[in-house]
Structures are given as structure tokens and as C-alpha cells.
Amino acid sequence: MENRDEMEIDLVELFYYLKKKVWILVGAVVACAVIGFVVSKFFMAPVYTASTRLYVLNRSNENTMVYSDFQVSSQMLNDYKVLITGQNVTHKVIEKLGLNLSAGELAGKIKVTAPNETRVLQISVSDHSAQRAAEIANCVREIASEQIKDIMDVDAVKLVYEAEVPRKPSAPSVKKNTMIGAVLGLLLSGAGLVMVYIMDGTIRTEDDVEHYLGLSVLAVIPDSRQLESRAGAAARTKQQRVNGK
């Protein structure tokens, strides 16, 4: 018998195998989707995000304005992020609001962006309390405005709008997590069935006998159930012809 290290997979046969097991795939998809929905809806604490915006007017040495005056460069944005999330700001916010947070924990709740590369800075704060998220965002804006003017020597920092108490949570996304659960269910169940198919050493066809055992097939005994089914079908066809006459 010749030892074979390679494994051949008949994709057509695998397709029909998975087709027979489609109920397992559907069941796994539904079950994982339901789990994702239930966990997101009832077990994950909602997170609320409040945002406030500032307009930063940079100091210019010339009377004329160039394109760079209308936008915040990526380097400048990083400077603002460091200042706004730095200890000079976070410690004062914690002290003013009486927060039971460390400076690092508060900094992790703050996100600083420049929408459309403008000189408008958006400060977003995420928290499990909608009211506290808005309070922190507005307090960070007030203290950060003073720090930006003092340290970066800008002309002015103007308020665009204050943070309002968000009415809806920004996370978790129940719909997104449900879809992710469904996809994971399909992938895991599909991978499991493929592994079962590959590990199954059952001899199914004459080709399998020759391929895996190295033996020649001399004869094939048909399945009696198939013979009975074919005989029954032939008898019904004959009876229909007789009745038709």
C-alpha cells in the first residue's frame, strides 16, 4: 500500500455535504445572532458620547491669509491632543467636578479631532452616564481653552457650541453586534463541518477504495434501498401508462 501525505478534497462533494447539513448552519447563525442581540441589549452597559467644539484663531505674522491659516495640520492637531488630554487639564477637571477617576482614566474618555481639517477642534467625551459625559466635555473645553491660549500663543479660542446631554447611547450597536454574531456563527459552524468532513475516513465510492487503499475494484454491490426505490418508480410509471390507455 502506498503511503500518501497529500489529501484531496472534492469541492463538489463538500458542497453537497454542506447542503445536507444546512440546518446546522442556519441553527448556528440564528443562535449566535440571538446571543449577540441579547448580550448587547441586556448585558452591555450603554455608553454615551457628548461633543463640544472650539474655534482656534492662530497668530499670524502677516496680514494676508494663506491656505494653512484655514486648517489645522496633523502635527498641530497632535499638539492639541497632548494639551487637552494632558495632566494640566485632566487634574483640574477631576478637581472641579469631583470625579472619582485618575488622570489616565479621564484621558481615555476624551477624543480630540479636527472635522474636515479645519481650525475647529471637536472634543468628545464618552461615559456610561449621559449627564456626566456632557459635564466633562464642557469642563474640559473651558480648561483646555485657557491652556491653549497660554501655551500655544494663539489669538483666541472661541466657543462654537457647548456639549449637550446625549439622548441616545453611542455604543453598543445592537444591530452591528447581532450581525457580527450571525457571521461568526456561520463561519464557526462552517469551519466545524469542513473539519468533520476532512477527518471522516469513511470509504464512499470506488475511487476512494483505489485512492486510499490501493486496491482494484472488481465488483460493486448496489444499495438495496436504491434498487427498491427504482423498482417502485418503474412500477408506478408502468401503472400510469396502463391507466392512461
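The values are calculated or read from the model by the stated rules, or taken from the named source; none is laboratory data. Since the structure is predicted, the reported quantities are computational estimates derived from the model, not experimental observations. Glycine gets a Cβ as well: all are built from the backbone with ideal geometry, and neighbour counts include every protein chain shown. Quick note on the areas: whole protein, heavy atoms, side chains included, nothing else; ligands and nucleic acids left out. Shrake-Rupley method; radii C 1.70, N 1.55, O 1.52, S 1.80 Å.
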If you count only protein heavy atoms with a 1.4 Å probe, what accessible area per residue comes out for segment 130-185, rounded to a whole Å²? 59
Where does each of Cys139, Cys32 land when they are ordered by accessible area, with a 1.4 Å probe and the largest first? Cys32, Cys139
With every protein chain kept in place and a 1.4 Å probe, the residues Met199, Met44 fall, from largest accessible area down, as Met199, Met44
Set Lys92/Lys168; Lys96/Lys168; Lys81/Lys109; Lys96/Lys158; Lys109/Lys176 screened for pairs whose C-alpha atoms are more than 20 Å apart: Lys92/Lys168; Lys96/Lys168; Lys96/Lys158; Lys109/Lys176
Put Met76, Met195 in order of accessible area, largest first, probe 1.4 Å, and you get Met195, Met76
Would you tell me the accessible area of Ser126, worked out with a 1.4 angstrom probe on the heavy atoms of the protein chains, in Å² to the nearest 10? 40
Whole-percent carbon and sulfur share, accessible surface of segment 121-169, 1.4 Å: 42
In segment 113-182, the GluC sites (Glu not before Pro) that sit in a DSSP loop and have at most 16 other Cβ atoms within 10 Å of their own Cβ are Glu162, Glu164
Please give the length that would be gained between Leu11 and Lys149 if that part of the chain were fully extended, namely 0.36 nm times their separation in residues minus their C-alpha to C-alpha distance (nm, one decimal). 43.0 nm
